[in-house]
Amino acid sequence: MEVIPAIDIRNGNCVRLYKGDFEQETVYGDPIEMARLWASKGASRLHIVDLDGALDGKPTNLELISKIVKEVEIPVQVGGGIRTMEIIKSYLSVGVDRVIIGTAAIENPELVVEGIKEFGAERIVVGIDAKNNYVATEGWLETSDTTVIDLGKAMKDRGVEWVVFTDISKDGTLTGPNIESTQSLAKETGLKVIASGGVSKLEDIKNLKKIEGDGVVGVITGKAIYTDSLDLEEAIELANS
């Protein structure tokens with residue numbers, strides 16, 4: 001199971017939000033320095049979110065993200081504001097390994113199909129963000145009437161293999177991930193699921209590792225490694241054991 005450090009970018013800074021609330025933001029310095037730090041601690045991949053892009057619906061930090069890609073020798077996946085083929089191409093052309101499509105997966109599922117057709121299912125990941133089991137969109141400001149499992153199944157039918165699943169009520173709270181929902185998404189859809197939101201301690205990694213056999217192949221950690229409630233190197237060691 002892969003442990004993936006998150007770098008959320010807003011106004012050029014590396015930040016963390018509480019439950020996705022833009023009013024509750026903590027700044028943790030320079031994104032490039034953070035990328036170097038997590039890579040030096042043994043991360044095998046970075047998860048970058050363009051929060052400005054998620055709100056604007058277009059890539060706002062492409063230049064900064066392309067610098068990060070050049071700075072580290074590990075794969076980088078990016079989400080936030082990826083709504084067109086042009087944006088997908090612009091990220092992949094600067095060396096981004098995977099793009100994560102969120103809002104557009106609901107509003108324009110053909111984009112996912114087209115992306116997979118052109119670049120393959122390894123590079124086009126769908127981000128499923130949940131509020132009370134329903135999918136949230138537009139930088140988490142809107143909630144759709146589609147359930148997490150329904151979107152998962154629809155995406156699987158369209159050729160998707162990988163999803164990042166975030167329980168928004170857990171994000172930035174350090175209260176532990178939503179194991180049950182993560183497991184049922186993987187089991188009921190056959191997708192490879194990367195869990196996100198709420199991870200706070202080694203125990204959480206241990207609990208996610210128990211459901212690795214169901215298809216939970218990774219976990220994204222943000223606030224926990226920025227506040228030292230989780231040691232990244234220890235988490236990676238445990239996940240690889």
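None of the figures in this text is laboratory data; all of them are computed from the coordinates on show. A quick note: this is a predicted structure, and the numbers were derived from the prediction, not measured. Quick reminder, even Gly has a Cβ in these numbers, built from the backbone with ideal geometry, and neighbours come from all protein chains shown.
Taking a ≥ b ≥ c as the square roots of the eigenvalues of the Cα gyration tensor of the chain, is the shape rounded (a/c under 1.5), prolate (a/b larger than b/c) or oblate?
rounded
Looking at the chain only, what percent of DSSP beta bridges run antiparallel? Nearest 5 please.
Around 25 percent of the beta bridges assigned by DSSP in the chain are antiparallel ones.
Can you pick out the pairs among 41/89; 131/170; 19/156; 19/131; 58/192; 187/209 whose Cα atoms lie more than 18 Å from each other? Each step should come with its number before you reach the end.
Working: 41/89 30 Å; 131/170 10 Å; 19/156 27 Å; 19/131 10 Å; 58/192 27 Å; 187/209 15 Å.
Beyond 18 Å between Cα atoms: 41/89; 19/156; 58/192.
Any idea which of 198, 186, 229 is furthest toward the positive side of the dipole for the chain, if Lys and Arg beta-carbons carry +1 and Asp and Glu beta-carbons -1?
Checked the options; the winner is 186.
Taking N as the number of residues in the stretch 126-241, what is its Cα Rg relative to 2.2 N^0.38 Å?
The value comes to 1.02.
For the stretch 45-59, in order, what is each residue's ³J(HN,Hα) by Karplus, 6.51 cos²θ - 1.76 cosθ + 1.60 with θ = phi - 60°, in whole Hz (x at glycine and Pro)?
Result, ordered by residue: 6, 10, 10, 10, 10, 8, 5, 4, x, 4, 7, 7, x, 8, x Hz.
Quick one: dipole size for the stretch 138-241, taken about the Cα centre, charges +1 on Lys/Arg Cβ and -1 on Asp/Glu Cβ, in debye to the nearest 20.
240 debye
Give me 116, 106, 82 sorted ascending by neighbouring Cβ count inside 10 Å, so fewest comes first.
Going from sparsest to densest Cβ surroundings: 116, 106, 82.
Please tell me the relative contact order of the stretch 108-203 in percent, rounded to the nearest whole number, where contacts are Cα pairs under 8 Å and at least six residues apart.
27 percent
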